[in-house]
1. For segment 9-24, give me each residue that is under 15 Å from Ser45 (Cβ atoms), near the ligand (Cβ under 8 Å from one of its atoms) and out of contact with any Lys or Arg (no Cβ under 9 Å at 6 or more places or on another chain).
2. Could you identify the single residue in Val75, Val115 that is part of a helix (DSSP H, G or I), in contact (Cβ under 8 Å) with a residue 60 or more places away in the chain and among the β-branched types (Val, Ile, Thr)?
3. If we keep just the residues of segment 25-43 that are within 14 Å of the ligand (Cβ to nearest atom) and hydrophobic (A, V, I, L, M, F, W, C), which is modelled with the highest pLDDT?
4. Is it the case that Ile82 is under 17 Å from Val16 (Cα atoms) and touching a residue at least 40 places away in the same chain (Cβ under 8 Å)?
5. Are any of the residues in segment 98-119 modelled with pLDDT under 85 and more than 16 Å from the chain's Cα centre (by Cα)?
6. Working carefully through the options Met44, Met40, Met31, find the one that is surrounded by 11 or more Cβ atoms within 10 Å (Cβ to Cβ) and in a helix (DSSP H, G or I).
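The values are calculated or read from the model by the stated rules, or taken from the named source; none is laboratory data. Source: prediction; values computed, not measured. So basically every Cβ, Gly included, is an ideal-geometry build from the backbone, and we count neighbours across all protein chains shown.
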Amino acid sequence: MTYLRVAARRNECCKVLCTTCGGLPFLKGVMRAIGCSFVMTRPMSLSDETAIQLTDELKLLDPAPIDRADIEPYVRFLVCQIEYSLGVNFLSERLKGSWAGLVLESMIDHHARLVLNRDMRANTDKKTRSRLRDAKAMRLAIRDDAKARRDTEYRRGRES
Ligand SMILES: [Zn+2]
């Protein structure tokens, strides 16, 4: 897949879910490069056969270390397209032991961390909210207490 290097050099868009081009120019280029006649009309619309073919191409990918950083975003983009058709389990099974497999693993780690952070944030929010609730309850209790004391003093004042 020397096309990935070409795309990187041309700086083709490979933003996942790009609202401007959907990464279609790049995807079409990849399809042409692997000799696939499938006509892309929108992203995330790979047929299963095409997705499998693409997976096997990715598995063969063994870029020189110096090219890896340039190519990786394009691989990530393709992985997303394939995952949409075939699922992540198929992908990680099929890509096992390849460089693209490592890219996929780092994506899964990254995603897991995002989800974890989100959950942690939600938990912290919950804790903060309950602490705020406690603090408010405490303030109300103190106020009621002060009011009760004032009332008692007032009553005592009238009685004496
Ligand atoms: Zn774009």
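1. Cys18
2. Matching residue, one of Val75, Val115: Val75.
3. Phe26
4. no
5. No.
6. Met31
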